[in-house]
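The values are calculated or read from the model by the stated rules, or taken from the named source; none is laboratory data. Note that the structure is a prediction, hence the values are computed from the model and not measured. Methodologically, a virtual Cβ is constructed for each residue, glycine included, from the backbone with ideal geometry; neighbour enumeration extends over all protein chains shown.
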Amino acid sequence: MTNNTYKYLLSDLKNLKGVGLKTSNLLKKKKINNIFDLLWRLPKSYTDRSKSTEIINLKIGDIQTVTLVPYKYNFPRIRNLPNRVYCKDKTGELDCIFFNSYEGYIKKVLPLNKEVTISGKVSYFKNKYQITNPKYISEDASIIKDKHNKYSLTEGISEKFYNKIIIQILKNIPNFEEWHNQEVLKKFNGISWNNSIIELHKPENIGKYRSNFYKRLAYDEIFASFLVHSEIRKKIKKIKKQRKIFDFKVQNQIFSKLNFKLTNDQKKSLTEINQDLISNQKMFRLLQGDVGSGKTIVALCAALNVIKSGFQVAVMAPTEILAKQHFHLAKKIFDKETNIEILSSKSENKNKKDIINKLAEKKIDIIFSTHAIFQKKIVFKKLGLIIIDEQHKFGVNQRKKLSDKGGDNCDVLLMSATPIPRTLTMTIYGDMDLSIIREKPKSRKDVKTYTKLESKIDEILKFVKKEIDNGNQIFWVCPLIDESNKLDHVSAIKKFEFLNKKFPNQVALLHGKTEVYEKEKILNKFLNKEYNILVSTTIIEVGIDFPNANVIVIENANKFGLSQLHQLRGRVGRGLKQSTCILMFKSSLTENAKKRLNILKRSTDGFKISEDDLKLRGFGDILGFKQSGIKIFRLADPLQNNDLFELAEKEIKKIEKNNEDISKYKVLMKLYDKADVINDIV
Ligand code: ADP
Ligand code: MG
């Protein structure tokens, strides 16, 4: 075997016989870019055409295969009348009917007085059997007499064609040298990659998720992804950086300005981060913690240590309003000597230039911004830490670029408020070290969660009024009407009009069509209590602290996943007041819906909820990841294949510990590395 046989699988679809530009473009629209991608289009079911039947025994209405001899054509010259070929075998007669087919084609596939095999749905008309528009016709019976896979079809590509190209690929599939060790291989009964692929496409194997071939292929995916992560980690760890100093005094100075004590998890995370900072290896760490778990303060403590070590810090938030909120917090808790700035798209040009100059001269110690901070023209004199808030929409290759961008001395801390099960964290963030804040601040009261039928909206309005009278504010969330986002604002606008009549001049509206600038203005006004109710779609910002809002009403709550409801619920309950979440429903709840809500009512632990959500809804719907397009695996399922994830983790640890040569995994990595991050590694 040559080392490059894998290249066939990664080559363009046009390398397949029968596939031209048109077909390859159709497939590319479905994100099938090369031959390898096609391997994961699995048959949904199959049609058995393997047995042939004599005409006398045909069953009307069934798809059947019959071998016969055409003996006469009838090509009427009248429009709308079909072409007809009279055929027979020794037991009877059958007509093949063709709509929209040319004479030339018909004569070619059904030449007179020659035996052919055809397959199609049999009907009976005027005392005669018929097959209309038979798709399977051949003089070679063996081609037809088989089981034909049914695929979920791409428009413009027929099933017959799919079958043909898949058969072609399977015939040419390279026989790779085994990359797994014997011990691992034993778990799959020794089946090779190439045989697994062939088994995977056999019609009779559809849906055999527990079989060795399926599990082996799932494991290959998981293992490859972990291995790529491991290589990135190794590469980042090799970078030697200038150590930072960690000073308890700096930390205590911040703590003295807070009116609360850090939770144990906050302290633990901070210790882990500080250890990274003082080491000579570059930090590449994810700080994962549920909404409201207090990640910001941890990040700012780390930032001040970096500043006191003589470096600059860049903090990147997803929105300007969030950047501003972090900026104000820093102003409050950092000492006067620290130069703190904010760069916003609204900063005036002169001001912007000034900030850019100051960054280059190190006259600014810490800058808060949105992703605008990563423009090329912005250079730091001595950047020592990048902090990125609420970033769960970055893929692995974007993260790697980010880590490269800051330069060798620059540590990287990402924060994510999406609690996800461990298998998913390993999958998505496996290239990073991990600090987790699970514990909520003790002072925090759990949000009371209720369900209400929509018909009882009057009760909700009464409650809302009472809360407003007590000086509180309300979020009112309307669901998306359709997935495509086109109409997401309609229900919100209607509800705004409705509520504005009941609470004149107290209601603000926010939806996907609101301009960014306008949006920030509205949010600011809500923060400043100029409105009491904020009607919105699900776009209300992740991460912003609205200490005064303590009620969230969510309409059509059954439209949301549990994790998403939990995230929305996390918008309230950040202050000291008792908070309430009201989930509205159109009609009585189904058993499943009740089960899901009970999970939500019982727990405020985002990690627990997302694990239960995963069990109920299946992976793929976990908040944020579906929308963000980080489709992780083709076969592997973090829930069903939990054991394989653990096995892969164990194997990777072994490889890292023994510093094993990974060149034997080269083909595996080349095939599976969708993010294209290993090109410069292997
Ligand atoms: P998130 O992890 O969602 O980013 P934040 O950092 O915004 O959470 O913190 C949410 C709120 O909790 C803030 O108002 C913050 O001041 C407060 N907070 C953070 N840590 C604690 C703590 N240990 N005890 C009490 N309140 C805290
Ligand atoms: Mg936050």
For this session: Would you mind telling me which numbered condition in (1) surrounded by fewer than 16 Cβ atoms within 10 Å (Cβ to Cβ); (2) without any contact (Cβ under 8 Å) to a residue 60 or more places away in the chain; (3) away from ligand 2 (no atom under 16 Å from the Cβ) Ile340 fails?
Result: (1)
Exercise. Can you name the residue in region 206-224 that is surrounded by 16 or more Cβ atoms within 10 Å (Cβ to Cβ) and without any contact (Cβ under 8 Å) to a residue 60 or more places away in the chain and is also nearest to Glu660 (Cα to Cα) among such residues?
Worked result: Arg216
For this session: Could you look through region 411-422, keep only residues that are part of a strand (DSSP E or B) and of a type outside the set (Gly, Ala, Ser), and pick out the one that is farthest from ligand 2 (Cβ to nearest atom)?
Result: Asp411
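Residue by residue, here is whether (1) in a loop (DSSP other than H, G, I, E, B); (2) without any contact (Cβ under 8 Å) to a residue 60 or more places away in the chain holds:
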residue	(1), (2)
Gly61	yes, no
Thr67	no, no
Pro70	no, yes
Ile78	yes, yes
Leu81	yes, yes
Lys88	no, yes
Glu93	no, yes
Lys108	no, yes
For this session: Run Ala314 past the list (1) within 10 Å of ligand 1 (Cβ to nearest atom); (2) within 23 Å of Asp404 (Cβ to Cβ); (3) outside any helix (DSSP H, G or I) and report the number of the one that doesn't hold.
Result: (1)
For this session: Inspect all residues belonging to region 607-619 and state whether any of them is of a type in the set (Gly, Ala, Ser), modelled with pLDDT of 90 or more and either at positive phi or part of a helix (DSSP H, G or I) (or both).
Result: no
Problem set entry | Near pairs, Cβ below 7 angstrom, 6+ apart or cross-chain, from region 602-624 (within 11 Å of Pro638 (Cβ to Cβ)) to any residue that is of a type outside the set (A, V, I, L, M) and modelled with pLDDT under 70 | Gly620/Lys626
For this session: Find the strands (runs of 3 or more DSSP E) located wholly in region 423-528 whose residues include 2 or more that are within 21 Å of Leu583 (Cβ to Cβ), and list them.
Result: 448-453, 473-477, 507-510
Problem set entry | Selection from region 287-311 of residues that are away from ligand 1 (no atom under 16 Å from the Cβ) and surrounded by fewer than 22 Cβ atoms within 10 Å (Cβ to Cβ) | Lys308, Ser309, Gly310
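Pick from Glu555, Glu497: which is in contact with a Cys (Cβ under 9 Å, 6 or more places away or on another chain) and farther than 30 Å from Phe260 by Cα? Steps first, please.
Details: Glu497 fails: in contact with a Cys (Cβ under 9 Å, 6 or more places away or on another chain).
Selected residue: Glu555, the only one of Glu555, Glu497 that is in contact with a Cys (Cβ under 9 Å, 6 or more places away or on another chain) and farther than 30 Å from Phe260 by Cα.
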Problem set entry | Among the residues listed as Ser196, Ser225, the single one being touching a Lys or Arg at 6+ places or on another chain (Cβ under 6 Å), of a type in the set (Gly, Ala, Ser) and not assigned by TED's automatic domain parsing to the domain that holds Phe36 | Ser196
Seminar exercise, completed: Of (1) within 16 Å of ligand 2 (Cβ to nearest atom); (2) farther than 30 Å from Leu639 by Cβ; (3) among the hydrophobic types (A, V, I, L, M, F, W, C); (4) in a helix (DSSP H, G or I), Ile544 fails just (4)
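Give the residue that is nearest to Lys240 (Cα to Cα), with candidates limited to residues of region 250-284 that are of a type outside the set (A, V, I, L, M, F, W, C) and within 16 Å of ligand 2 (Cβ to nearest atom). Steps first, answer last, please.
Of region 250-284, the ones of a type outside the set (A, V, I, L, M, F, W, C) are 251-253, 256-257, 259, 261, 263-269, 271-272, 274-276, 279-282.
Going one step further and asking which of them are within 16 Å of ligand 2 (Cβ to nearest atom), we end up with 263, 265-266, 269.
Numbers: Thr263: 32, Asp265: 29, Gln266: 27, Ser269: 23 Å.
Once the filter is applied, the top-ranked residue is Ser269.
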Exercise. If you go through region 495-548, how many residues are among the acidic types (Asp, Glu), within 16 Å of ligand 1 (Cβ to nearest atom) and farther than 16 Å from Val477 by Cβ?
Worked result: 1
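Only one of these is within 26 Å of Asp247 (Cβ to Cβ) and surrounded by 16 or more Cβ atoms within 10 Å (Cβ to Cβ): Ile321, Ile367, Ile355. Name it.
Working: Ile321 fails: within 26 Å of Asp247 (Cβ to Cβ); Ile355 fails: within 26 Å of Asp247 (Cβ to Cβ).
Testing whether each residue is within 26 Å of Asp247 (Cβ to Cβ) and surrounded by 16 or more Cβ atoms within 10 Å (Cβ to Cβ) leaves just Ile367.
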Problem set entry | Members of region 308-328 found to be away from ligand 2 (no atom under 13 Å from the Cβ) and either touching a strand residue (DSSP E or B) at 6+ places or on another chain (Cβ under 6 Å) or free of Cβ contacts under 8 Å to residues at least 24 places away in the same chain (or both), listed by number | Phe311, Gln312, Val313, Ala314, Phe327, His328
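Let's see how each residue does on (1) outside the structural domain of Ser225 (by TED's automatic domain parsing); (2) modelled with pLDDT under 80; (3) loosely packed, with under 13 Cβ neighbours inside 10 Å; (4) hydroxyl-bearing (Ser, Thr, Tyr):
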position	(1), (2), (3), (4)
Ser579	yes, no, no, yes
Asp637	yes, no, no, no
Leu647	no, no, no, no
Ile655	no, no, no, no
Asn659	no, no, yes, no
Met669	no, no, no, no
Seminar exercise, completed: Apart from one, (1) crowded, with 17+ Cβ neighbours inside 10 Å; (2) modelled with pLDDT under 90; (3) not polar (S, T, N, Q) all hold for Lys244; the odd one out is (2)
Exercise. Got a number for residues in region 25-57 being in the same structural domain as Lys90 (by TED's automatic domain parsing) and part of a helix (DSSP H, G or I)?
Worked result: 3
Exercise. Just wondering, is there one or more residues in region 268-278 that are away from ligand 1 (no atom under 16 Å from the Cβ) and hydrophobic (A, V, I, L, M, F, W, C)?
Worked result: yes
Problem set entry | Failed item, numbered, when Ser416 is tested on (1) under 21 Å from the mean Cα position of the chain (by Cα); (2) more than 12 Å from ligand 1 (Cβ to nearest atom) | (2)
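Out of all the residues in region 581-594, is one or more assigned to a helix (DSSP H, G or I) and in contact with a His (Cβ under 6 Å, 6 or more places away or on another chain)?
Kept after step one, since they are assigned to a helix (DSSP H, G or I), are these residues of region 581-594: 591-594.
In the following step, the residues that additionally are in contact with a His (Cβ under 6 Å, 6 or more places away or on another chain) were identified as none.
No: zero hits.
Hey, among the residues in region 247-286 that are more than 23 Å from Glu439 (Cβ to Cβ) and touching a residue at least 60 places away in the same chain (Cβ under 8 Å), which one's surrounded by the fewest Cβ atoms within 10 Å (Cβ to Cβ)? Full working, then the answer.
The first filter runs over region 247-286 and keeps only residues more than 23 Å from Glu439 (Cβ to Cβ), leaving 247, 249-250, 253, 278-282, 284.
Checking which are touching a residue at least 60 places away in the same chain (Cβ under 8 Å) leaves us with 247, 253, 282, 284.
On the way: Asp247: 14, Gln253: 16, Lys282: 22, Phe284: 24.
Of everything passing the filter in region 247-286, Asp247 is surrounded by the fewest Cβ atoms within 10 Å (Cβ to Cβ).
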Exercise. So which pairs qualify, if the first residue must be in region 287-305 and within 10 Å of ligand 2 (Cβ to nearest atom), the second must be among the β-branched types (Val, Ile, Thr) and not in a helix (DSSP H, G or I), the Cβ gap must be under 6 Å, and the two must be at least 6 apart or on different chains?
Worked result: Gly289/Ile437; Ser293/Ile437; Ala299/Ile387
For this session: Working only within region 557-575, note down all residues that are basic (Lys, Arg) and at pLDDT below 80.
Result: Lys559, Arg574
